[in-house]
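Trainee: Quick one: the structure is below, questions incoming.
Any read-out appearing in this document is the output of simple, stated calculations on the displayed coordinates, not a laboratory observation. Here the structure is a predicted model, which is why all the values come from computation and not from measurement. We place every Cβ from the backbone using ideal geometry, glycine too, and count neighbours over all the protein chains shown.
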Amino acid sequence: QKEVEQNSGPLSVPEGAIASLNCTYSDRGSQSFFWYRQYSGKSPELIMFIYSNGDKEDGRFTAQLNKASQYVSLLIRDSQPSDSATYLCAVRNYNQGGKLIFGQGTELSVKP
Amino acid sequence: GAVVSQHPSWVICKSGTSVKIECRSLDFQATTMFWYRQFPKQSLMLMATSNEGSKATYEQGVEKDKFLINHASLTLSTLTVTSAHPEDSSFYICSARAPVSRHGANVLTFGAGSRLTVL
């Protein structure tokens, strides 16, 4: 079992729709959860992170965390073509050296 | 905001040669930097944790004699790929925890990456 799993996609949504990206993790001791966006040929850039169960909103982005289910998601409202990228979920367990472990990423395509 | 600079952004070399990649924290000190490798259509895989003034910590399966890491100052870490072979061709990305960023403190910030092609 991979430590962090994501559907590789591609996930295709029409412009203006809500894009839902999902991630599960195996280490129940994980404490911090991150969503990065990576455009082709570029390095990842942080979108947001979440520590506590529940929702966290930042503009058009909402991260949702459910530690009991070991599940974290990212919702993108009013999706734009510029949101088309690969979204990487990353998990950190400070008791395991604090390394950031990445999922394989989900490719999102927003169609105009 | 905190910036991590990486150089070169791309490099092409012949098989058997060595290539050095630099990672600098421009406006903050980084006692720890992380080196990742990413093959096409795959995720980032942590190669090693670079610690200023001490030996790097390598992940399982990463050859420490092949991927030499030096963290000689609080703002510079280097990765040297020795005796490079075509299978080493990849996107190498460094990162560091910036003290302050738009997202708060101690968030991992990535360099722009270095694309290595070994012929």
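Trainee: For A:Lys67, which lysines qualify as cross-link partners when the Cα separation must be under 24 Å and same-chain residues fewer than eight apart are set aside?
Mentor: Correct list for A:Lys67: A:Lys2, A:Lys56, A:Lys99.
Trainee: I need the calculated FRET efficiency for the pair B:Ser54 and A:Asp78, taking r as the beta carbon distance and R₀ as 35 Å, to the nearest 0.05. Walk me through the numbers on the way to the answer.
Mentor: Working: r = 48 Å, r/R0 = 1.36.
About 0.15, to the nearest 0.05.
Trainee: In addition: Quick one: which of B:67-74, B:28-35, A:51-58, B:91-98 comes out on top by average Cβ neighbours within 10 Å, and what's the full order, highest first?
Mentor: So the order, starting with the most tightly packed, is B:91-98, B:28-35, B:67-74, A:51-58.
Trainee: In Å and whole numbers, how far do the C-alpha atoms of the protein assembly as shown stretch along each principal axis, longest first?
Mentor: Sorted from largest, the Cα extents of the protein assembly as shown read 49, 37, 36 Å.
Trainee: While we're on this one: Can you tell me the relative contact order of chain B? Whole percent, Cα pairs under 8 Å, sequence separation 6 or more.
Mentor: 36 percent
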